[in-house]
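Engineer: Got a structure for you, questions after.
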Amino acid sequence: MKEMLQFSSGTRQQLPPQLFEQMGHYRREVFINQLGWKLNTTHGMELDEFDGPEAVYVCSQDEDGNVNGVARLLPTTGPYLMEKVFPQLWAGNELPCNPQIWELSRFAMVDQAKSAAVSLQQASSAAATKLLRQVIRAADVNGAKSLVTVSPVAMERLLRLNGFDVRRAGVPTFQQDTYIVALHLNLGSQLLSTDGLAVPARKSE
């Protein structure tokens, strides 16, 4: 039986408070409890300094309304993870600061076949690929033409296998028992069918 997923997207102010809280608890379960990342929590939710009013979230829910996938998008015109935490991974003279370039971070998706959560570097399942495409759709709605992200090197190959237009934006660095690298995703060829995504309209300038 094909799994039914419902996708939602928006800022913290646009999303229902209960849904945002579910996403925060889900992030804690994935990144802290399962992956062992050293991150802070707020009221039981994994939130950091980049979860501000400019952040756009994409999440998936199962048939029962339970959150089973999350992602965060940040405009590079404000503070973002790569700029503040991983600037050494960017090979260019200056890190992106462009309204058409957004950052993807905090990606996680439940692998239903294994009954476990997977992070961006492990996202090989069909459901994770669907979530990535919803992320790209949400980014496009918010004016992005490309995405940057920090990811283990293995994710580069998985993205290519799933048809994503991706290239390296720096040299891989060994951290936390794996090689990570800055990646750049071009959105032009990725805007495929995204039925089921509820995306708030862009604010007029």
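The values are calculated or read from the model by the stated rules, or taken from the named source; none is laboratory data. All values derive from a computational prediction rather than experimental measurement. Neighbour counts are summed over all protein chains in view; Cβ atoms, including those assigned to glycine, are modelled from backbone coordinates with ideal geometry. The area values use the complete protein model at the heavy-atom level, side chains included, leaving out ligands, DNA and RNA. Shrake-Rupley method; radii C 1.70, N 1.55, O 1.52, S 1.80 Å.
Engineer: Arrange the peptides 24-33, 84-93 so that the one whose residues have, on average, the most other Cβ atoms within 10 Å appears first.
Structural biologist: By packing density, highest mean first, the sequence is 24-33, 84-93.
Engineer: Per-residue HN-Hα couplings for segment 36-45, Karplus 6.51 cos²θ - 1.76 cosθ + 1.60 at θ = phi - 60°, whole Hz, x for Gly and Pro?
Structural biologist: Working through the residues one at a time gives x, 5, 8, 10, 8, 10, 10, 6, x, 9 Hz.
Engineer: Accessible area of TRP37, 1.4 Å probe, to the nearest 10 Å²?
Structural biologist: Counting only protein heavy atoms, TRP37 exposes about 80 Å² to solvent.
Engineer: Using protein chains only and a probe of 1.4 angstrom, how many square angstrom of ASP48 are accessible, to the nearest 10?
Structural biologist: Per-residue accessible area (ASP48): approximately 40 Å².
Engineer: Sticking with this structure for a sec: Quick one: ranking LYS145, LYS130 by accessible area, 1.4 Å probe, largest first, what do you get?
Structural biologist: Ranking LYS145, LYS130 by accessible area, largest first, yields LYS145, LYS130.
Engineer: Let me ask something additional. For an R0 of 41 angstrom, estimate the FRET efficiency from the Cβ-Cβ distance between GLN100 and GLU49 and round to the nearest 0.05.
Structural biologist: 0.95
Engineer: Any idea how far apart ASN186 and LYS84 come out in nm if each label point goes 7 Å out from Cα toward Cβ?
Structural biologist: Once both label points are built, they end up 3.1 nm from each other.
Engineer: What aspartates and glutamates sit close enough to LYS38 to cross-link, taking a C-alpha to C-alpha distance under 17 Å and skipping anything fewer than 8 places away on the same chain?
Structural biologist: Qualifying aspartates and glutamates at Cα under 17 Å: GLU29, GLU46, ASP48, GLU49, ASP51, ASP177.
Engineer: First measure r as the distance between the Cβ atoms of THR178 and GLN13, then evaluate 1/(1 + (r/R0)^6) with R0 = 22 Å and state the FRET efficiency to the nearest 0.05.
Structural biologist: For THR178 and GLN13, the calculated efficiency is 0.05.
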